Amino acid sequence: MSACPVTDVSTVEPLPVLGRDVLVPLVTGGEVTYAALDYAASAPALQRVWDDVAAYAPYYGSVHRGAGYLSQLSTDLFEKSRADVAGFLGCRPDDQVLFTRSTTDSLNLLAAVLPPRTRVFVFETEHHAALLPWERRPDVEVTYLDAPRTPGQAVDTLERALAARQPYGPALVCVTGASNVTGELWPVRELAAAAHAHGARIVLDAAQLAPHHPVDIAELDVDWAAFSGHKLYAPFGAGVLAGRADWLQEAGPYLAGGGASRAVSRRADGGVDVEWHRTAARHEAGSPNVIGAYALAAACTALTEAGFDRLVERERRLVAAVRDGLARVPGVRVLSLFGDDAPRVGVISFVVEGWNSSHFAAALSAEYGIGVRDGLFCAHPLVRTLLGGEPDAPGECGAPDEGQSLNAIRVSFGAGTPDEHIERFTGAVQELVEKGARWRYRTENGRCVPDPSAA
Ligand SMILES: Cc1ncc(COP(=O)(O)O)c(C=O)c1O
């Protein structure tokens, strides 16, 4: 019997992305290629996506409304994009794939179509896009679940909350696949099983999972999944909500207008009668973003054709390199809910003892050409839990940080990240901690920036 082939991840190349040769100035003099290490906010466009969009652009035409050749072609492309995304997500035959603007839009759409008096269960650790849309429905009761410290505890917490649910009506659980703060993977399959065992449905916030890891709706047995194109190498303004059709079909349209309506007629009493589509079009009123949808589908195809599993393996190696590099620097604390051994994607947040995180991030940018993010990452309750309580009053960004960290630094990367960016980043963290910043910084309009008077 032949041995199972093992991918040598050191030979898997990063996928070509736009901006890889862009030079940025250093405050200390000279230029360096930009190291984009903020993929969790927005990833650079895949070159392949850009090329596909450029090739289609001359053929661009209106969708669902023109008799002309290019309108027909664009309509076909839009619907093929939908089918490609359904394939990428492993959708069930009856699932619908809706094109939205983003994950935020997708989850707000789902909130809008919940049956009356749905009970929603959401961990406090979620990104605000998954935490907040439900409260906008006055008839919906939201239960916020405490941050679990292990994946098993997440399942137990949910089980208990669902079991206590009274009265027994429609219920929805909303959970992230991968945290935008810690990168840790959540036990989605187990949470889905718990939800279903208690008659609830579950929506997966795949904004951080889908760019880093294959997502299979049917295999995970989640009812819906949502993600954003701009985090999946397709920054053309499209997102996705995919999953069960019934709640989508039973609710009124998310937006009222053309495209969502099949027929409109005047009534004898002077009003109008509307027959709404029952397909995805019901919630896609207005002219669709065909370029966004096509770009998003092109990114899905590109990841699949590149061998997503090989990219996952390579990213694991990069995650290990970042974590090893940070572990070697005294005073660096990596934020984690589930502990060191938890599987995670390329999203890592940390604080550095004695440093204001905004100052640290500004120095990484100005002195090393590295783009990371500092802040609370639109997950305030989670970051505050991880930082260990409420922060002190904000200090001046260049001054040593004596007290509780206000916020954290996040480094994030993916399929387009070359090894050099990771090496530069870990080297820069070590050098900054050992030798300090080489420049002075100050707060300007709420941002930490190099002080020009330090030159
Ligand atoms: C886990 C998670 N969910 C939802 C969102 C919202 O995504 P978007 O801003 O594309 O709507 C983000 C964005 O950072 C995220 O990280």
Margin query: I need a count of the residues in region 263-308 that are buried (at least 21 other Cβ atoms within 10 Å of the Cβ) and of a type in the set (F, W, Y).
Written below: 1
Item checked: T143 vs. criteria surrounded by fewer than 22 Cβ atoms within 10 Å (Cβ to Cβ), touching a Phe, Trp or Tyr at 6+ places or on another chain (Cβ under 6 Å) and farther than 21 Å from D105 by Cβ -> yes
Note to self: Go through (1) touching a residue at least 60 places away in the same chain (Cβ under 8 Å); (2) of a type outside the set (G, A, S); (3) within 16 Å of the ligand (Cβ to nearest atom) for L77 and report which single condition fails.
What the structure shows: (3)
Margin query: Quick check on region 13-69: of everything there that is in contact with a Lys or Arg (Cβ under 8 Å, 6 or more places away or on another chain) and not in a loop (DSSP other than H, G, I, E, B), which residue is nearest to H421 (Cα to Cα)?
Written below: A35
Margin query: Give me the residue from region 96-155 that is of a type in the set (D, E) and over 18 Å from E184 (Cα atoms) and, out of that set, farthest from the ligand (Cβ to nearest atom).
Written below: D139
Next item on the list: Keeping to region 92-115, report how many residues are over 18 Å from C174 (Cβ atoms) and either surrounded by fewer than 21 Cβ atoms within 10 Å (Cβ to Cβ) or of a type in the set (K, R) (or both).
Entry: 4
Margin query: Cβ-Cβ distance below 8 Å, separation of 6 or more or different chains: which pairs start in region 93-119 with a residue that is touching a residue at least 12 places away in the same chain (Cβ under 8 Å) and charged (D, E, K, R) and end on one that is in a helix (DSSP H, G or I) and near the ligand (Cβ under 9 Å from one of its atoms)?
Written below: none
Checklist line | Looking only at region 159-183, and only at residues there that are touching a Leu at 6+ places or on another chain (Cβ under 6 Å) and part of a strand (DSSP E or B), the one that is nearest to the ligand (Cβ to nearest atom) | finding: A178
Checklist line | From the options R92, R117, residue that is over 22 Å from the mean Cα position of the chain (by Cα), on the phi > 0 side of the Ramachandran plot and at pLDDT 95 or above | finding: R117
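For region 73-123, what are the residues that are part of a helix (DSSP H, G or I) and among the hydroxyl-bearing types (S, T, Y)?
First, the residues of region 73-123 that are part of a helix (DSSP H, G or I): 73-88, 103-113.
Within region 73-123, S74, T75, S81, T103, T104, S106 qualify.
The values are calculated or read from the model by the stated rules, or taken from the named source; none is laboratory data. Not measured: the values here are computed from a predicted model. A quick note on method: Cβ atoms are made from the backbone with ideal geometry, for glycine too, and the neighbour counts reach across all protein chains shown.
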